[in-house]
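Step one of this worksheet: look at the structure below.
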Amino acid sequence: MAPPPADVIYNRAPKATPEFWLAKLMAVTVGQSAFSLIAHDLGAGLTLTSAIVTIFLIFALIVQFRQKRYVPWIYRATVVLVSVTGTLVAGLVVKHLGYSLSFAITLFGLSLLVVISGWYITEKTLSTHQIVTTRREAYYWVAIFLTFALGASAGDQLIRDYGLGYLAAGTAYGLLIGVIAAGFRIGFIGGVPAFWLAYILTRPTGAFFEKWLSFPSKDGGLGLGAEPTSLGFFMVMAGLVIYMTSTHHGLEKAA
């Protein structure tokens with residue numbers, strides 16, 4: 001397929017198609033399983049792995065912000081790294097600083113509201129179809145980071161308070177995403193809240209299914225291990241990225 005015209009202003013974020021959401025789920029699972037593989041299976045440890053992820057995230061964001069349109073492989077690599085970093089920060093608040101999951105959910109939830117409010121006040125829009133300036137893109141990525149931290153905390157609380165297994169918890173969050181999608185389709189939920197609610201919920205959904213597949217049976221999983229799980233999800237995501245790149249799927253002109 002021919003490259004997109006250079007004289008058109010494109011959105012720097014992808015259009016939220018079904019492929020977008022599938023790739024988002026894959027990004028969560030790839031990030032979580034790869035982090036577990038490096039930190040635990042390969043023995044790098046939490047501190048060293050966190051430092052490595054942070055360095056790669058900074059580099060990925062620099063490359064991402066230099067783009068003037070959505071580039072699938074750059075965008076997806078950045079999402080993977082943001083997902084891991086958001087989870088790490090959520091764990092830092094609860095496990096290392098000693099705050100409760102309820103506190104973490106409140107903290108990240110309010111922070112997300114502040115960022116979205118600042119976005120609307122300064123830009124007069126919250127449309128993810130109009131990410132065409134550096135400031136709007138900065139708001140977009142900070143909001144994404146907070147959705148991962150919030151989703152991680154909310155998911156952990158569901159497991160702790162209700163004692164659900166990974167498969168049941170992942171299914172429960174998947175059903176919530178379905179309800180949001182249905183509400184959007186019939187006009188009950190607006191596009192902006194539907195997008196960000198789904199973005200929050202896809203984090204625990206993907207993470208729970210990754211844990212169900214990779215964790216041993218004694219911990220409620222199938223015992224496939226981190227390596228094959230990470231590789232399988234990576235191959236699916238890579239296939240989606242190749243498809244999106246070759247067809248320009250998800251690329252859209254700024255609304």
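In the stretch 18-247, with Lys and Arg counted as +1 and Asp and Glu as -1 at Cβ, which of these residues, G174, T205, I116, has the Cα nearest the positive end of the dipole, that is, farthest along it? So the residue we want is I116. In this structure, the amide hydrogen of L164, modeled 1.01 Å from its nitrogen in the peptide plane, lies closer than 5 angstrom to no residue at least 5 positions away or on a different chain.
Ranking I58, T229, L81 by Cα position along the charge dipole of the chain, where only Lys, Arg, Asp and Glu carry charges on their C-beta atoms, puts I58 farthest toward the positive end.
Cβ crowding within 10 Å, taken as a proxy for footprinting-reagent exposure, orders M26, M235 from fewest neighbours to most as M235, M26. Working note: Karplus 6.51/-1.76/1.60 with θ = phi - 60° gives the stretch 73-78 the couplings 5, 5, 4, 5, 4, 5 Hz, where Gly and Pro are set to x. Less than 5 angstrom separates the built amide H of I189 from those of F184, all sequence-distant by 5 or more or on a different chain.
For E252, neighbours were defined as the other residues whose beta-carbon sits under 11 Å from its Cβ, and their charges (Lys and Arg +1, Asp and Glu -1) total +4. Highest mean first, the peptides 215-223, 138-146 sorted by other C-beta atoms within 10 Å per residue fall in the order 138-146, 215-223. Using a Gaussian network model of the chain in which every pair of alpha carbons under 10 angstrom is joined by a spring, one finds that among A168, A34, A104 the greatest mean-square fluctuation is at A168.
Ordered by packing density, taken as the mean number of other Cβ atoms within 10 Å over each peptide's residues, highest first, how do 128-134, 225-231, 197-203 rank?
197-203, 225-231, 128-134
Across the stretch 127-133, rounded Karplus estimates of 3J(HN,Hα) from the backbone phi angles (6.51 cos²θ - 1.76 cosθ + 1.60, θ = phi - 60°) give 5, 7, 9, 10, 7, 10, 10 Hz, Gly and Pro being marked x. When the Cα positions of V28, G163, I144 are compared along the charge dipole of the chain, I144 comes out farthest toward the positive end, with charges on each C-beta of Lys, Arg, Asp and Glu.
Using the Karplus relation 6.51 cos²θ - 1.76 cosθ + 1.60 with θ = phi - 60°, the per-residue 3J(HN,Hα) values for the stretch 235-241 come to 5, 5, 5, 4, x, 5, 5 Hz, with x marking Gly and Pro. Here W21 and K218 are evaluated by their C-beta separation; at R0 = 35 Å the FRET efficiency comes out at 0.65.
Taking the Cα centre of the stretch 18-247 as reference, the dipole from Cβ charges on Lys and Arg (+1) and Asp and Glu (-1) amounts to some 540 debye. Close amide H partners of Y10, meaning residues 5 or more places away or on another chain with modelled amide H under 5 Å apart, are A254.
Bear in mind these aren't lab numbers, they're just calculated from the coordinates by the rules spelled out. Just so we're clear, the structure is a prediction, and the values are computed from it rather than from any experiment. Cβ: placed from backbone, ideal geometry, glycine included. Neighbour counts: every protein chain shown.
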